[in-house]
Structures are given as C-alpha cells and as structure tokens.
Amino acid sequence: MPRGSHASRDDSDPVPHSSAVVRWILLGIGLAALALGLIGVFLPVLPTTPFLLVAATCFARGSPRLHRRLAESRTFGPTLAEWRRHRAIAWRTKRYALIAMGLSIGVSAIFLVETWWGKAGLVAIGAVAGTWLWRVPSRDRPAHAKAGAPDAPR
C-alpha cells in the first residue's frame, strides 16, 4: 500500500511510529487520556468517550499492544469499534453521557464551585464537550429523537 494511503488500511492493525521518542510521547498522552476516561466513568463531569478516542488514537501509533487490549475490552471495545468503523457513538452512550455531564456540571456549578469564573469555566467546558458529543452521529438514534423531527405520538 502506498505511504499516506489510509483509506483501505484497517485501524485494528496499527503501525507503530518509526521514532521511539514519538512512541513514548504518544504512550504518555494515551495513558493520561485513558486515566481521565476511567475517572470519567465515575465522575460524569469528565466525558469518558472523547478521552478513550484520544487514548486509542495515541496507542495505535505508540503502543499497538495497548491499542489491541483497549479495542478488545468488553467495556470500551464496542464504543471504539463503532467510532473506528462508522465515526459514530451509540445513541444510548451519547444520551447517558449528555445527561450525566449536564447534571454533574449543574450540581457542581450551583453547589460546589464558589467563584463566578469557576462556574463560568465549568459551564463553558461542559457546553463545548456537550456540543461536540451531540454533533457526533449516532447510527442507532431513534427517528423521534432526531433534531427537527416531530415528537413521537404518545
């Protein structure tokens, strides 16, 4: 396959970067992103999915072994596979993440953060992350939940 042609390459068979320094940097960023994603499982202020996508991307070129372990994970593997194949996030995952982020950011901004700039920063980060997540396609999104679609009959 010619260099630079990624259209037919399967991401499940990553090729490590040729530079050891770059591999170590990618490994460090990937581990940090994975740690933040794991924290996000328990602390909804941090969205898990974007951090997992960053970790998988870094591991693909920095540590194929860790990339493979993450991709084969029963917990995170299906989300990563959906992203890799279709550049989409499952509707159930997206809905849970948006609700949990909104609730935790709202509670944090109202009850835990005292300064106005802290509240504003928290809400701004949540708005940016929520907007990004909302705009990512969901192949399994119900027709009645699509933007601009009329509500389903009750």
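Overview of values
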{"quantity": "Answer residue from the stretch 144-154, given it is open to solvent by 40 Å² or more (accessible area, probe 1.4 Å) and over 23 Å from the mean Cα position of the chain (by Cα) and is modelled with the highest pLDDT among those", "calculated": "His144"}
{"quantity": "Candidate set: the stretch 16-73, residues that are without any contact (Cβ under 8 Å) to a residue 12 or more places away in the chain and closer than 23 Å to Ile99 by Cβ; chosen: the one farthest from the chain's Cα centre (by Cα)", "calculated": "Phe42"}
{"quantity": "Number of positions in the stretch 20-48 that are open to solvent by 50 Å² or more (accessible area, probe 1.4 Å), β-branched (Val, Ile, Thr) and either closer than 26 Å to Val123 by Cβ or not in a helix (DSSP H, G or I) (or both)", "calculated": "2"}
{"quantity": "Number of positions in the stretch 80-119 that are hydrophobic (A, V, I, L, M, F, W, C) and open to solvent by 50 Å² or more (accessible area, probe 1.4 Å)", "calculated": "9"}
{"quantity": "Test: Ala81 is in contact with a Ser or Thr (Cβ under 9 Å, 6 or more places away or on another chain) and free of Cβ contacts under 8 Å to residues at least 24 places away in the same chain", "calculated": "yes"}
{"quantity": "Residues of the stretch 49-73 that turn out to be assigned to a helix (DSSP H, G or I), hydroxyl-bearing (Ser, Thr, Tyr) and open to solvent by less than 30 Å² (accessible area, probe 1.4 Å), as a count", "calculated": "1"}
{"quantity": "Of residues in the stretch 120-143 being within 19 Å of Thr48 (Cβ to Cβ) and small (Gly, Ala, Ser), the one most open to solvent (accessible area, probe 1.4 Å)", "calculated": "Ala127"}
{"quantity": "Boolean, Ala97 is within 19 Å of Pro137 (Cβ to Cβ), in a helix (DSSP H, G or I) and either touching a residue at least 12 places away in the same chain (Cβ under 8 Å) or not β-branched (Val, Ile, Thr) (or both)", "calculated": "yes"}
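The values are calculated or read from the model by the stated rules, or taken from the named source; none is laboratory data. Being a predicted model, the structure only gives us computed values, none of them experimental. Ideal geometry is used to build each Cβ from the backbone, glycine not excepted, and the neighbour counts take in all protein chains shown. Ligands, DNA and RNA are excluded from the accessible area calculation, which covers all protein heavy atoms including side chains. Shrake-Rupley method; radii C 1.70, N 1.55, O 1.52, S 1.80 Å.
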